[in-house]
Number of protein chains: 2
Amino acid sequence: MQNGNGFSQRMRARVLDITTGKMVAVLNNKDARELGLQPMERVEIINTRNHKSVNVVVDVTDSMVREDEVGVFREMKAALGVKAGSILDVRPSKKPKSVEFIKKKLDGTKLSDGEMREIVEDIASNKLSEIEATAFVSAVYVHGFDLDETVAMTKALIANGKTLQFGNRMVLDKHSIGGVNGRTTMIVVPIIAAAGFAIPKTSSRSITSSSGTADAMEVLANVSLSLRDIKRIVEKTNGCIAWGGAVELAPADDKIIKIEYPLSLDPEGQVIASVMAKKASVGAKFLVIDLPVGPYAKIKTKDKAEQMALRFIEVGRKLGIKAEVLLTNGYEPMGSAFGPSLEAKHAMMVLEGKVYDNLAEKAMELAGALLDLVGNTVPGKGKEKALGILRSGKALKKMQEIIRAQGGKITSSQQIKEAPYKIQVLSQHDGVINLINVSLLNRIARIAGAPADQKAGVRLLVSQGDKVRKNQGLFEIHAEDERKLSTSHEFALRNEPVELEKVVIGKFE
Amino acid sequence: MQNGNGFSQRMRARVLDITTGKMVAVLNNKDARELGLQPMERVEIINTRNHKSVNVVVDVTDSMVREDEVGVFREMKAALGVKAGSILDVRPSKKPKSVEFIKKKLDGTKLSDGEMREIVEDIASNKLSEIEATAFVSAVYVHGFDLDETVAMTKALIANGKTLQFGNRMVLDKHSIGGVNGRTTMIVVPIIAAAGFAIPKTSSRSITSSSGTADAMEVLANVSLSLRDIKRIVEKTNGCIAWGGAVELAPADDKIIKIEYPLSLDPEGQVIASVMAKKASVGAKFLVIDLPVGPYAKIKTKDKAEQMALRFIEVGRKLGIKAEVLLTNGYEPMGSAFGPSLEAKHAMMVLEGKVYDNLAEKAMELAGALLDLVGNTVPGKGKEKALGILRSGKALKKMQEIIRAQGGKITSSQQIKEAPYKIQVLSQHDGVINLINVSLLNRIARIAGAPADQKAGVRLLVSQGDKVRKNQGLFEIHAEDERKLSTSHEFALRNEPVELEKVVIGKFE
């Protein structure tokens, strides 16, 4: 499409002191017409003083900027190094070629490696508008990625971000696809590190659950680490647990996820590329993926999980990563804790040998699979070795080293303070526990203040299949203030997160 | 999806004096966490003083607003009636149901009337974010609309905007699908009005061409008319030619078009709904659609045009509009003018009886089809009647009435001033005109300054099939300043908008 009439215009910068997350130049209606520009068309803007330039989308206004002025938000101010009153050269320019590639994908045509790379680069550098990037995400959702495209997207994400190198060391990693509670990472990382392998783990904060691994680890130590911090800590201790949002491993991916979130679009190919890119970027060569299957997990059916597992392994092979996927039980909670402090405490108690439950068991499976994968033991003996490291106290000692290296001081479960306000929810009848609704317990923990209030959350007092008596405690709500406790308690009583076995589950007359 | 933890918070308004075209509340990161909110989730905001409320998307910042403040752009400031420092009640709320319907459409499921109406209402009232609205447009592009959905979209657009009523009067209308030059509207409207029928025509400004009908009419009269103006003028003179962008006939449609534009997405169903909604909103019961087919027109092939024509007629039937579609010649220019003043002058010369060319002929076909459709004449004699009205001078007189009613003073072609700078482009050889490239002529006119410079443009001096001699003038460029004239002239010489017949059209060695 033609764009503008080819003329350029010298204009004065008007700094709009706002961060918009976008590269947009605001022009007065009259100037836009003079340059033959429609809103959403593009201009090249050159700072006449330092010759820095950007290629950005135009927004048009009657009121925000005057004639002969160009409105510049913070992002562009930084990119161009302008001050209020700087003189800018504004010239209509073409839209990036990547817009044509997005159109191709919308039309159902497969994208080449080069096309994928251009799209990813232009998303990362804000050259594509939100409308264009959303059209891309929608196209990927509708038409999907085949194996080649998934690999191309993964490589493009890696190329576009920063990467870590650990020389000749064996780098291992694990990843859990979200949806359930429990912090296996805080058990697996110290075991693998204690076994002598590098495991530079980056984790996310909670989005819809009551805690992410980064939230729970933050109870014990600083998780906002730079890439340089990660390298230093892993060189010293073999492991770390950092917040992935603080490092720019795959900046385009973060932008794509931001678009997927409001519509809950998570096309499989994009999810796989996103995970694999982040693992490859830290130099991982051996990877175990925990894929929970169940009603509260992201993946609801075994068929879908198997298909995704095979795709993970294929993409890994193309990237030189030896990957193994464990489909895990997503039908019940892992461990008994919901909320940052409670989950951190639970993980520390496993490391201290005070608790061994289904969460600990899952962590041993994952750590064992990694040790098998890397060929460190007699085949099939990985889990035994992991358990040995846990039982010997070496995992706890390693975790304490990692916590200190990340600037933390809390190195035992006893040091983790509990919330000042607690209340128990009791069973209404005698019976057997039939169903524990992980989503509702997460919701109760969130209403109680998690994850922003670290100590807020839920502690389960029963497991599936347990026999309970009337008035026996089913779970405990923890909160940092009374109002949140009572609101959360009311919500818990109105709903039924822990159900006893029944024959009749509803009655209509 | 769950959203927030259900708590509300009293916060101080911080007015961000910028028009963003979006309803977005900016929260500090800390407050967002406290409320359990992610960016792009929604809050209800209530002004505690006047109890006005809005339901908007959240954006999260570290720097733009402080804790306990909510950043409010101009749109929200107006909707809530807030001032700096007003106290607002901020409470997490659910996303509109329409987001689920958009997801359904992405999944390829047909939408019901009610679902379509909710999507359109939420787009019009800015309840949907740009990301969500773009996902909808992408879904419609990929999966299309069937007849029911096209009708549902049309009705939703009508219900959502304002409408005009003219009592028991017969209301006629015409529409041209874009892509070619020439202002048939300025000839058809006065003929239909002179024949005694109401024709409240709304037209667009140019987007990519050198002039829209609204741009050309603006040379003669005011086109920024309110709905009340339109009603008054049509009641007085039977007709008007107004700029559609000034009236809120289908506000959601304008927003959808803004999203379609950057990616050149114009799904057929959406185009049809857009046209039919605007016609139904002015009360039209008889409609002729001019659908140019050709390389420079929006529709390139006759097959595609026929399919679209049938769909227009079916949708018209469901809305009680008798529609007829004329497929017209989109292979060559209509008339000889490109640019607002030149096109206005050309149309006036047709009305004055000084010119009768293919543009005039096309206008007679369209006006005649309308008169036949409304049953005003012996069947098939509509064109004859239209020609009679033109020849009698009644159409010119009616146009002058309309111009005056729209506050204009220029009522003859002689009063329309020409540009001060002109240059002719000459033929390089003797020969026969084989091809006139409408897109290139539009581009030349735009570089010369059209449509912002009204007098800028191109006047063709030859027609397809004409014999020309070397150094004979092919076309004339008009401009309001010398620089634009010379840039446009250089562009014209580098390209070949008017081609002579050749056997060899390219040579590679």
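The values are calculated or read from the model by the stated rules, or taken from the named source; none is laboratory data. Quantities reported herein were computed from a predicted structural model and do not represent experimental measurements. All Cβ positions, glycine included, derive from the backbone under ideal geometry; neighbour counts span all protein chains shown. Heads up: the accessible areas ignore ligands, DNA and RNA and are worked out on the full protein's heavy atoms, side chains in. Shrake-Rupley method; radii C 1.70, N 1.55, O 1.52, S 1.80 Å.
Of the whole protein surface, B:Tyr356 contributes about 100 Å² of accessible area at a 1.4 Å probe radius.
For chain B, the Cβ-based charge dipole about the Cα centre amounts to some 1380 debye (Lys, Arg positive; Asp, Glu negative; other atoms uncharged). Pairing chains B and A buries close to 5400 square angstrom of accessible surface in total, based on protein heavy atoms and a 1.4 angstrom probe.
Kirkwood hydrodynamic radius for the range B:98-143: how many Å is it when counted over pairs of different Cα atoms? Across the range B:98-143, the inverse of the average 1/r is 10.2 Å.
For the range A:9-65 versus the range B:63-82, the spacing of their alpha-carbon centroids is 24 Å.
Separation of the range A:397-442 and the range B:418-494, taken as the distance between their Cα centroids, equals 78 angstrom. With Cα atoms as the point set, the protein assembly as shown shows a radius of gyration and Dmax of 33.5, 107 Å. Size descriptors for the range B:86-186 (Cα atoms only): Rg and Dmax, in that order, 17.9, 55 Å. The figure for B:Tyr296 is an accessible area of roughly 40 square angstrom, using a 1.4 Å probe on the protein chains alone. Would you give the gap between the C-alpha center of the range A:248-285 and the C-alpha center of the range A:118-143, rounded to a whole Å? About 13 Å separates the Cα centre of the range A:248-285 from the one of the range A:118-143.
Of the beta bridges in the protein assembly as shown, as assigned by DSSP with both residues counted there, near 55 percent are antiparallel. Per-residue shielding of A:137-146, expressed as the average number of other chain Cβ atoms within 10 Å of the residue Cβ, stands at 4. Here the Debye sum runs over all C-alpha atoms of the range A:408-449 as equal scatterers in vacuum, and log10 of I(q)/I(0) at q = 0.20 Å⁻¹ comes out as -0.92. For the range B:376-468, the list of trypsin sites (Lys or Arg not before Pro) that fall in a loop by DSSP and count at most 14 other C-beta atoms within 10 angstrom reads B:Lys381, B:Lys409, B:Lys417. Each stretch of four or more DSSP H residues adds -39500 (n - 2.57); spread over every residue of chain A, this sum gives -12000 deg cm²/dmol at 222 nm.
Of all DSSP beta bridges confined to the range B:9-93, the antiparallel ones make up roughly 65%.
Each Cα pair under 8 Å and six or more residues apart adds its separation to the average, and for the range A:9-93 the resulting relative contact order is 50 percent.
Excluding A:Asn55 itself, calculate the net charge of residues whose Cβ lies under 11 Å from the Cβ of A:Asn55, where each Lys or Arg counts +1 and each Asp or Glu counts -1. Could the numbers behind the result be given before it?
Values: positive: A:Arg42, A:Arg91, A:Lys94, A:Lys95, A:Lys127; negative: A:Glu44, A:Asp122.
With Lys, Arg at +1 and Asp, Glu at -1, the net is +3.
Calculation over all alpha carbon pairs of the range A:64-117 in 5 angstrom steps from 0 returns a P(r) of 4, 14, 18, 13, 11, 11, 12, 11, 5, 0 percent.
Placing unit charges on each Cβ (+1 for Lys and Arg, -1 for Asp and Glu) gives the range A:1-160 a dipole about its Cα centre, and among A:Ser98, A:Thr19, A:Leu157 the Cα reaching farthest toward its positive end belongs to A:Thr19. Short-range pairs are left out: with C-alpha atoms under 8 Å and at least six residues apart, the relative contact order of the range B:325-459 is 38 percent.
Quotient of the Cα radius of gyration of the range B:147-275 and 2.2 N^0.38 Å, N being its number of residues: 1.07. With a sphere of radius 11 Å drawn around the Cβ of A:His143, what net charge do the other residues whose Cβ falls strictly inside it have (Lys, Arg +1; Asp, Glu -1)? Neighbourhood net charge equals 0. The Stokes-Einstein estimate for the range B:364-438, based on a Kirkwood radius over Cα pairs and taken at 25 °C with 0.890 mPa s viscosity, is a diffusion coefficient of 150 µm²/s. Within the same chain, lysines fewer than 8 places from A:Lys507 are excluded, and of the rest, those with a Cα less than 26 Å from its Cα are A:Lys467, A:Lys470.
What is the diffusion coefficient of the range A:421-500 in µm²/s, taking the Kirkwood radius over Cα pairs and the Stokes-Einstein relation at 37 °C with a viscosity of 0.692 mPa s?
It comes out at roughly 265 µm²/s.
In straight-distance terms, cross-link reach from B:Lys409 covers every one of the aspartates and glutamates whose alpha-carbon lies under 15 Å from its own, apart from those fewer than eight places away in the same chain; here that gives B:Glu218, B:Glu401.
Angle, helix B:130-143 long axis vs. longest principal axis of chain B, Cα atoms, 0 to 90°, nearest 10? So the helix axis and the longest Cα principal axis differ by about 50 degrees. The DSSP beta bridges internal to chain B are antiparallel in roughly 55% of cases. The number of Lys pairs in the range A:46-114 with C-alpha atoms less than 27 Å apart, excluding pairs fewer than 8 positions apart on the same chain, is 20. In a DSSP loop and with at most 15 other Cβ atoms within 10 Å, the trypsin sites (Lys or Arg not before Pro) in the range B:238-335 are B:Lys300. Taking every C-alpha pair closer than 8 Å and separated by at least 6 residues, the mean separation divided by the residue count of chain A gives a relative contact order of 13 percent. The Rg/Rh ratio for the range A:9-93, using Cα coordinates for both the radius of gyration and the Kirkwood hydrodynamic radius, is 0.91. Dimensions of the range B:237-308 based on its C-alpha atoms, expressed as ranges along the principal axes with the largest first, amount to 38, 28, 19 Å. Stokes-Einstein diffusion for chain A at 10 °C, viscosity 1.306 mPa s, with a Kirkwood radius from C-alpha pairs, works out to 63 µm²/s.
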